[in-house]
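Structure first, commentary second.
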Amino acid sequence: METFEKTFHDFTTILKGELLTALGCTEPICIAYCAAVMRHALGAEPEKIRAFCSGNLIKNAKGATVPNSGGMKGISASAVLGAVGGDPSKQLELLTAITPEQIFHAKDLLDKGICEESLLENEEDKLQVIIFGKADGHTAEAELKYTHTNICRVERDGKPFPFENLCDGAAFPGKDTEDGTSYSQLTIRRIIDYAENADLDKENIRETILHQIKCNTAISEEGLRDDWGASVGKIILRRGNSTPLRAVAAAAAGSDARMSGCELPVVINSGSGNQGITVTMPVVVYAKELGKSEDELIRALMLANLVAIHIKASYGRLSAFCGVVSAATGSGAAITWLAGGTYEQICATITNTLGTISGMVCDGAKPSCASKIASAVDTAILAHEMAMAKKGFHSGEGLVKGNVEATIRSVGRMAAEGMVTTDQKILELMME
């Protein structure tokens, strides 16, 4: 019989592997990261760059502002800035130390047409990028796939080039961790047990969650303070100051800032900063309103993060299914837990959310993500309120099945299998 200690270690490993710190939208940033690795292998500033990206990566990198870039957007800007001044040792925070001179130089190189963009033919994963560069008669190539930090191949002049963080892709977050921990171990009942009983002072759980709270609260507050993007968060607060409205606004405001180039870092969930913000901020707002302790907030966020990861793992990193639905479902489940909800009511919150808003599509990362977050969190709060009133949706009603795990699998199949054509059409329309 498996011990709780094994479950504790495995779930903590999953959490720490997913809750990474990132500066800016993770799709442009992973392109910049791959380009910085290519530059490292090339050993010189490239005279020419080619960026080959999977369709979903193009979709998410096309409209988001690259942080520390002076307002630049898109794939070429990400690749050139990463190659000019990115520090590959910092992974998703590699643009932190970019200087104004490097930004100016990158813009000059873009104006000269140094970078060529291409759709990756025969992509092996929906999250895949290959950056090719040449300089002084030499060539270099770096490839990233499966996750936003998984560099799986580095070459110089067609030969393997040593890189410290090289991974063969045999194990990766969303499937298995590097030590073989399977995401298939996640179930709602086991997640709740872990969140309620884990020793918060083992394996840096407390520090991991407190860092998530600190980073994501800071960017949320920035989004509410200044006019970022479409100011969705600020506009929501014009409706009133109730707890649900503040929870929705806090999540949306973080995305307002993040999608428009705010330089503050975010702790991500399932490879996405928007999902990290969405899974965090509503829980922070409700915990404060309910007078919960720091430990209770940490446990609620352990639950929220793992519920979101569990749902997201059922359909993959990138798809036509908007990932903030999974994140909002996680935050709704945690709010129900904070309110003293039973296992059945937590499951009902998840089912009610997924049964309502699972059809929201992802048409790339851009300012309107904040509005989608607002819709998803509002739905999750309604789902929570329904569950606490012992109301909900039942087996046979749409995608809802006989239990919460079957419903999650049902929604995952719809996203992974049923929305393939939708994904292709979205990309086609965006590229027109």
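With respect to Met414, determine if the residue is assigned by TED's automatic domain parsing to the domain that holds Ile357, closer than 17 Å to Arg317 by Cβ and of a type outside the set (Phe, Trp, Tyr).
Details: assigned by TED's automatic domain parsing to the domain that holds Ile357: yes; closer than 17 Å to Arg317 by Cβ: yes; of a type outside the set (Phe, Trp, Tyr): yes.
Yes.
From the list Ile346, Ile381, Ile373, which one is out of contact with any Lys or Arg (no Cβ under 8 Å at 6 or more places or on another chain), assigned by TED's automatic domain parsing to the domain that holds Val248 and within 30 Å of Cys30 (Cβ to Cβ)? Even if it seems obvious, please write down each step before you answer.
Values: Ile346 fails: within 30 Å of Cys30 (Cβ to Cβ); Ile381 fails: within 30 Å of Cys30 (Cβ to Cβ).
Within the list Ile346, Ile381, Ile373, the selection yields Ile373.
Tell me which residues, restricted to region 261-276, are buried (at least 24 other Cβ atoms within 10 Å of the Cβ) and touching a strand residue (DSSP E or B) at 6+ places or on another chain (Cβ under 7 Å).
Once the filter is applied, which keeps residues that are buried (at least 24 other Cβ atoms within 10 Å of the Cβ) and touching a strand residue (DSSP E or B) at 6+ places or on another chain (Cβ under 7 Å), region 261-276 yields Val266, Val267, Ile268, Gly273, Gln275, Gly276.
Criterion first (part of a helix (DSSP H, G or I), at pLDDT below 95 and closer than 27 Å to Glu428 by Cα) does Leu57 satisfy it?
Details: part of a helix (DSSP H, G or I): yes; at pLDDT below 95: yes; closer than 27 Å to Glu428 by Cα: yes.
Yes: the conditions hold for Leu57.
State which residue pairs qualify: first residue without any contact (Cβ under 8 Å) to a residue 40 or more places away in the chain and inside region 257-277, second residue of a type in the set (Val, Ile, Thr) and part of a helix (DSSP H, G or I) in any location, beta carbons under 6 Å apart, and separation of 6 or more residues or different chains.
Ala257/Ile219
Could you please find all residues in region 199-238 being buried (at least 20 other Cβ atoms within 10 Å of the Cβ) and touching a Cys at 6+ places or on another chain (Cβ under 7 Å)?
If the condition is that a residue be buried (at least 20 other Cβ atoms within 10 Å of the Cβ) and touching a Cys at 6+ places or on another chain (Cβ under 7 Å), then Ile219, Trp228 are the ones that fit.
So which residues in region 374-432 are of a type in the set (Asp, Glu) and either outside any loop (DSSP other than H, G, I, E, B) or within 28 Å of Ala61 (Cα to Cα) (or both), if there are any at all? Spell out the reasoning first.
Pass one, region 374-432, residues of a type in the set (Asp, Glu): 378, 385, 397, 405, 417, 423, 428, 432.
Across region 374-432, the qualifying residues are Asp378, Glu385, Glu405, Glu417, Asp423, Glu428, Glu432.
Within region 192-245, track down each residue that is assigned to a loop (DSSP other than H, G, I, E, B) and of a type outside the set (Gly, Ala, Ser). Even if it seems obvious, please write down each step before you answer.
So in region 192-245, the residues assigned to a loop (DSSP other than H, G, I, E, B) come out as 198-204, 226-231, 240-242.
The answer is Asp199, Leu200, Asp201, Lys202, Glu203, Asn204, Asp226, Asp227, Trp228, Asn241.
Look through region 326-373, keep the residues that are of a type in the set (A, V, I, L, M, F, W, C) and outside any helix (DSSP H, G or I), and return whichever of them is surrounded by the fewest Cβ atoms within 10 Å (Cβ to Cβ). Please lay out each step first, then the result.
Filtering region 326-373 for residues of a type in the set (A, V, I, L, M, F, W, C) gives 327-328, 333-335, 337-339, 346-348, 350, 354, 357, 360-362, 365, 369-370, 373.
Those left that are additionally outside any helix (DSSP H, G or I): 339, 360-362, 365.
On the way: Ala339: 17, Met360: 18, Val361: 15, Cys362: 23, Ala365: 25.
Looking at residues that are of a type in the set (A, V, I, L, M, F, W, C) and outside any helix (DSSP H, G or I), I get Val361.
Please determine whether any residue of region 132-145 is crowded, with 19+ Cβ neighbours inside 10 Å, β-branched (Val, Ile, Thr) and at pLDDT 90 or above. Before the answer, list the steps.
Step one: filter region 132-145 for residues crowded, with 19+ Cβ neighbours inside 10 Å, giving 132-133, 140-145.
Remaining after also requiring β-branched (Val, Ile, Thr): none.
The answer is no, given that none of the residues of region 132-145 is crowded, with 19+ Cβ neighbours inside 10 Å, β-branched (Val, Ile, Thr) and at pLDDT 90 or above.
Let's see how each residue does on (1) surrounded by 24 or more Cβ atoms within 10 Å (Cβ to Cβ); (2) aromatic (Phe, Trp, Tyr); (3) in contact with a Ser or Thr (Cβ under 8 Å, 6 or more places away or on another chain); (4) not assigned by TED's automatic domain parsing to the domain that holds Glu143:
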residue	(1), (2), (3), (4)
Phe4	no, yes, no, yes
Leu19	no, no, yes, yes
Glu45	no, no, no, no
Ala51	yes, no, yes, no
Ala61	yes, no, yes, no
Lys73	no, no, yes, no
Gly82	yes, no, no, no
Gly86	yes, no, no, no
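Just wondering, is there one or more residues in region 347-359 that are farther than 30 Å from Glu196 by Cβ and at pLDDT below 95? Before the answer, list the steps.
Within region 347-359, the subset farther than 30 Å from Glu196 by Cβ is 359.
Applying the additional criterion that residues be at pLDDT below 95 yields 359.
The answer is yes, given that some residue of region 347-359 is farther than 30 Å from Glu196 by Cβ and at pLDDT below 95.
Out of all the residues in region 105-129, which are assigned to a strand (DSSP E or B) and more than 18 Å from Gly364 (Cα to Cα)?
To start, the set of residues in region 105-129 that are assigned to a strand (DSSP E or B) comprises 115-119, 128-129.
Selection gives Cys115, Glu116.
Determine, yes or no, whether Pro67 is closer than 30 Å to His310 by Cβ, assigned to a loop (DSSP other than H, G, I, E, B), outside the structural domain of Asn216 (by TED's automatic domain parsing) and in contact with a helix residue (DSSP H, G or I) (Cβ under 9 Å, 6 or more places away or on another chain). Quick ask: steps written out before the conclusion?
Details: closer than 30 Å to His310 by Cβ: yes; assigned to a loop (DSSP other than H, G, I, E, B): yes; outside the structural domain of Asn216 (by TED's automatic domain parsing): yes; in contact with a helix residue (DSSP H, G or I) (Cβ under 9 Å, 6 or more places away or on another chain): yes.
The answer is yes for Pro67.
Please enumerate the residues belonging to region 277-295 that are of a type outside the set (Lys, Arg), assigned to a helix (DSSP H, G or I) and out of contact with any strand residue (DSSP E or B) (no Cβ under 9 Å at 6 or more places or on another chain).
Filtering region 277-295 down to residues of a type outside the set (Lys, Arg) leaves 277-287, 289-291, 293-295.
From what is left, the residues that are assigned to a helix (DSSP H, G or I) are 277-287, 289, 294-295.
Listed by number, the residues that qualify are Met281, Pro282, Val283, Val284, Val285, Tyr286, Ala287, Glu289, Glu294, Asp295.
So that you can scan it fast, the table gives a plain yes or no per residue for (1) of a type outside the set (S, T, N, Q); (2) farther than 23 Å from Trp337 by Cβ; (3) free of Cβ contacts under 8 Å to residues at least 24 places away in the same chain:
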site: Thr351; (1), (2), (3): no, no, no
site: Cys369; (1), (2), (3): yes, yes, no
site: Ala374; (1), (2), (3): yes, no, no
site: Glu385; (1), (2), (3): yes, no, yes
site: Met388; (1), (2), (3): yes, no, no
site: Ala416; (1), (2), (3): yes, yes, no
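For the subset of region 146-165 comprising residues that are assigned to a strand (DSSP E or B) and either free of Cβ contacts under 8 Å to residues at least 24 places away in the same chain or assigned by TED's automatic domain parsing to the domain that holds Gly273 (or both), which member is surrounded by the fewest Cβ atoms within 10 Å (Cβ to Cβ)?
Going through region 146-165, the residues assigned to a strand (DSSP E or B) turn out to be 151-156, 159-160.
Narrowing the set further to residues that are either free of Cβ contacts under 8 Å to residues at least 24 places away in the same chain or assigned by TED's automatic domain parsing to the domain that holds Gly273 (or both) leaves 152-153, 159-160.
On the way: Cys152: 20, Arg153: 18, Lys159: 6, Pro160: 11.
Across region 146-165, the extreme among qualifying residues is Lys159.
Considering only region 395-417, state which residues are surrounded by fewer than 12 Cβ atoms within 10 Å (Cβ to Cβ) and farther than 20 Å from Thr187 by Cβ.
Across region 395-417, the qualifying residues are Gly396, Glu397, Glu417.
The values are calculated or read from the model by the stated rules, or taken from the named source; none is laboratory data. It should be emphasised that the depicted structure is a prediction, and the values quoted were computed from it without experimental measurement. With ideal geometry, Cβ positions are generated from the backbone for all residues, glycine too; neighbour counts draw on all protein chains shown.
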